[in-house]
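Enquirer: Handing you a structure now.
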Amino acid sequence: MTRVVITGVGTINPLGHDAQSTYAAMREGRCGIGPLDFRDVDRLSVRIGAQIRDYDAETVFNRQQLALYDRFTQFTLISARQAVAQSGLCFSGPLADRSGVVLGTSGGGLTTQDENYRAVYEEGKNRVHPFVVPKLMNNAAASHVSMEFNLRGPSFTVATACASSNHAMGQAFSMIRSGLCTAMVTGGTEAMLCFGGVKAWEGLRVMSKDACRPFSATRNGMVQGEGAGVFVFEALDHAQARGAEILAEVLGFAMTSDAADIVMPSKQGAARAIAGALADGGIARERVGYINAHGTGTAANDKTECAAVADVFGTHADKLMISSTKSMHGHLIGGTGAVELLACLMALNEGVIAPTIGYEEPDPECALDVVPNEAREAEVDVVLSNAFAFGGLNAVLALGRV
Amino acid sequence: MDVQSKVIEIIAEQAMLEPEDVTLESTPDSLGIDSLGLVESIFAIEEAFDISIPFNANDPSASDFDISSVATIVAGITRLIEEKAT
C-alpha cells in the first residue's frame, strides 16, 4: 500500500484567513463566536455564530467569478490556493490525470438557495439569475477547484452532514493509498450562516444562545460556524522524490454507521470508528497523544464521545488529551473536520495542543483531559480527528509524522 | 377545544395513541416519546397556540418550562397563553 502524506494546507475560517493565523488563534484560545450579522437576523432566536470577519469577496474574485461562486465555493478556492501553493505541485500531464478533488460539504450553496427562495417566494419575482443551479450545487466547489488547478482525475463531493470533511479526506486517503491517484486536493467547506440555514437548526432546539462550551457541565448546545479547510494529500514516494516538505502522514482511517437513530449518537458506533482507525493504521493505542474531538457542546454528543474514547483507550484515556476547537471556530458542519485537522497538524508540528475554551465546570460524564481554556505544549506522536454525524455516520482519521 | 384537550390530542398523536390513553399523570417517557419526539410535540403546541416555549433539548430541566408530565406541560402552556394575553 502506498503511504500518504499531507504536503499543503489552506483555510479560511472564523479564526483566521490562513493556516498560520488559525494556529495563532488556537494557541491563544481566541473565540471566533459573536453576534451574527446578516439579513433578518432579528427574526432568529439563535443570534450567535462564528462568521468569517474582515472578508470582502470582491477583493479576491472578479464579477464573473462571483456570479458563479457561492460563499462555500469562495472559501474553498481561497483555501485550495493556499494548499496547492504550499505543496509546490503543478498539475499537468500524467500527474493531472492521476489527481482529483474530494470535498465534504453538507449544505452546498445554501446562501444562494436562501436568497433565491426569498426572491421568488417572498418578493414574488418570477425570474432568477441563470447561474442559480451551477452556483448552489453541492459539487460546485469541487468542480471549480478541479478547473482552477487542472485536476483531471476522480473528483466528487461527499455529504455526510457533520462528518462530510472526514469522509471526504478518508476517500482521498484511500484513493492514493490504493494506487488509484497520486495526489488529491481534499477537505471540506460550509457556508450555512444565513437566515434559512440558522432557522432550520434553531428548530431542532440544540443550539446555544450564548456560547459553545464542550465538555463543560454548563454546556447548553452547539454554535454554528462557517469556512473551509483544504489539504493536499500526496503519495509519500512522490512527495519525497520532489523534495516536498511533509506536514504529516495520514496513518489510518475508519468509518462506521450507528444504524440506530437519526440524531442521537451511539457510543458503540463512535468507538468502532476510533478503534477502526487505529487498526487501519496499525497504531498501538498508547501512541495516541491527542484527539481533536467532535465535541459539539451538546449534552448528548460530548458524554457519548467521552464514553467511546474511554472504551477504546482504557487506562490510556486518562493520559491522552482531547479538546474541542469548536469552542473557538464553532461547528462548521460539513467543513468542520477539515478545519479541525489544522489543530491536529499544529499538535504534531508545533507541539501545541489547542484548548477547549469556554470550559467552566467539570462534568463527571466527560472526565477526560479536555485541555480546558488554555493551549498546552506537548510532544505527541499520533493524533486522531473524530467526526460523528447526524444520521449516525462516523469517520475518524489518524495522523502521525513520517 | 380547551387547552388541556388540545395538548392531549397533540401528545397522543405524537405517541401514536388515542387521546383517552393519555392522562395528566403520563410522562413523555411513559408514552414512549423520545427527545426528538418531545421537540416535535413542542413545535406542534407552539403552532397550535401561537406561543414560544423556552425549551433547549440539551437540558430540558434547565428552562422554567416543566415537561415532566402532561399536567405540568398543560400548566406551563396555560401560563404562557395568559402571559401572551397581558
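Every read-out reported here was derived from the displayed coordinates using simple, explicitly stated rules and does not represent laboratory data. Computed from a prediction, not measured in an experiment: that's the story for all the values here. Cβ placement follows ideal geometry from the backbone for every residue including glycine, while neighbour counts extend to all protein chains displayed.
Enquirer: As a check on your grasp of the helix formula, calculate [θ] at 222 nm for chain A: sum -39500 (n - 2.57) over DSSP H runs of n ≥ 4, divide by the residue count, round to the nearest 500.
Expert: Details: 14 runs with 137 residues, N = 402.
Dividing the helical sum by the residues of chain A leaves -10000 deg cm²/dmol.
Enquirer: To the nearest whole percent, what portion of all C-alpha pairs in segment A:269-402 is separated by more than 21 angstrom? Walk me through the intermediate numbers first.
Expert: On the way: 2815 of 8911 pairs.
The calculated P(r) of segment A:269-402 puts 32 percent of pairs beyond 21 Å.
Enquirer: If each residue of separation counts as 0.36 nm, what is the full-extension length gain between A:K125 and A:E360 once their alpha-carbon separation is subtracted? Write out the running numbers ahead of the final one.
Expert: Working: separation 235, 0.36 × 235 = 84.60 nm, distance 4.93 nm.
Fully extending the segment from A:K125 to A:E360 adds 79.7 nm.
Enquirer: Report, by chain and number, residues whose modeled amide H sits under 5 Å from the one on A:T325, excluding near sequence neighbours (fewer than 5 apart, same chain).
Expert: Close amide H contacts, sequence-distant or interchain: A:A293.
Enquirer: Continuing with this model, one more query. In what sequence do A:D363, A:D40 fall when counting other Cβ within 10 Å, fewest first? Working shown, then result.
Expert: On the way: A:D363 20, A:D40 14.
So the residues, fewest neighbours to most, are A:D40, A:D363.
Enquirer: Next question, about the same structure. Relative to the present Cα-Cα distance, how much length would full extension add between A:D18 and A:M264 at 0.36 nm per residue of separation? Before the final figure, lay out the partial values.
Expert: Values: separation 246, 0.36 × 246 = 88.56 nm, distance 3.39 nm.
Once the chain is fully extended between A:D18 and A:M264, it gains 85.2 nm.
Enquirer: Something else about it: In what sequence do A:L278, A:L103, A:L89 fall when counting other Cβ within 10 Å, fewest first?
Expert: Numbers: A:L278 22, A:L103 37, A:L89 25.
The order, fewest Cβ neighbours first, is A:L278, A:L89, A:L103.
Enquirer: To the nearest 20 debye, what is the magnitude of the charge dipole of chain A about its Cα centre, counting +1 on the Cβ of each Lys and Arg and -1 on the Cβ of each Asp and Glu?
Expert: Working: 32 positive and 42 negative charges, 160 e Å.
With Lys and Arg at +1 and Asp and Glu at -1, about 780 debye.
Enquirer: Another question, if that's okay. Would you compute the Debye intensity of segment A:4-241 from its alpha-carbon atoms alone, equal scatterers and no solvent, and pass along log10 I(q)/I(0) at q = 0.10, 0.15 Å⁻¹ to two decimals?
Expert: The calculated log intensity ratios at q = 0.10, 0.15 Å⁻¹ are -0.49, -1.05.
Enquirer: Additional query: When the Cα atoms of chain A are enclosed in a convex hull and the volume is divided per residue, what value in Å³ results? All intermediate terms of the calculation are to be shown ahead of the outcome.
Expert: Details: hull volume 50.0 nm³, N = 402.
Taking the convex hull of the Cα positions in chain A, it is 124 Å³ per residue.
Enquirer: Out of residues 5 or more away from A:G104 or on other chains, whose amide H comes under 5 Å of its own, with H placed 1.01 Å from N in the peptide plane?
Expert: A:V158, A:G187, A:G188, A:T189
Enquirer: Give me the lysines in straight-line cross-link reach of A:K303: C-alpha distance below 27 Å, same-chain residues under 8 apart excluded.
Expert: A:K199, A:K209, A:K267, A:K319, A:K326
Enquirer: With unit charges on the beta carbon (Lys/Arg positive, Asp/Glu negative), name the residue among B:M1, B:P60, B:G32 whose Cα is farthest towards the positive pole of the charge dipole of chain B.
Expert: It is B:P60, whose Cα lies furthest towards the positive end.
Enquirer: Continuing with this model, one more query. Can you put A:V352, A:V185 in order of Cβ neighbours within 10 angstrom, beginning with the fewest? Spell out each step's value before the answer.
Expert: Numbers: A:V352 18, A:V185 31.
Ascending Cβ contact count within 10 Å gives the list A:V352, A:V185.
Enquirer: Can I ask one more? Hey, can you grab everything whose amide H is under 5 Å from the amide H of A:D381? Only 5+ residues off in sequence or another chain; H modelled, so Pro and N-termini drop out.
Expert: Those qualifying (amide H under 5 Å, at least 5 residues apart or on another chain) are A:G289.
Enquirer: A further question follows. Taking N as the number of residues in chain B, what value does Rg over Cα atoms divided by 2.2 N^0.38 Å take? All intermediate terms of the calculation are to be shown ahead of the outcome.
Expert: Values: Rg = 11.8 Å, N = 86, 2.2 N^0.38 = 12.0 Å.
Taking the Cα Rg and dividing by 2.2 N^0.38 Å, one obtains 0.99.
Enquirer: Enumerate the calculated ³J(HN,Hα) couplings along segment A:178-186 in order (Karplus 6.51 cos²θ - 1.76 cosθ + 1.60, θ = phi - 60°), each rounded to whole Hz, writing x wherever the residue is Gly or Pro.
Expert: Running phi through 6.51 cos²θ - 1.76 cosθ + 1.60 with θ = phi - 60° gives 7, x, 5, 9, 9, 9, 9, 8, 8 Hz.
Enquirer: Can I ask one more? Contour minus end-to-end for B:A48 and B:A71, with contour as 0.36 nm per residue of separation and end-to-end as the Cα-Cα distance?
Expert: Values: separation 23, 0.36 × 23 = 8.28 nm, distance 1.75 nm.
Extra length available between B:A48 and B:A71 comes to 6.5 nm.
Enquirer: Dipole size in debye (nearest 20) for segment B:3-85 around its Cα centre, Lys and Arg Cβ +1, Asp and Glu Cβ -1?
Expert: Working: 3 positive and 17 negative charges, 40 e Å.
The calculation lands at about 200 debye.
Enquirer: Which whole-Hz ³J(HN,Hα) couplings does segment A:348-361 yield from phi under the Karplus relation 6.51 cos²θ - 1.76 cosθ + 1.60, θ = phi - 60°, glycine and proline marked x?
Expert: 6, 8, 10, x, 10, 9, 5, x, 9, 8, x, 7, 10, 8
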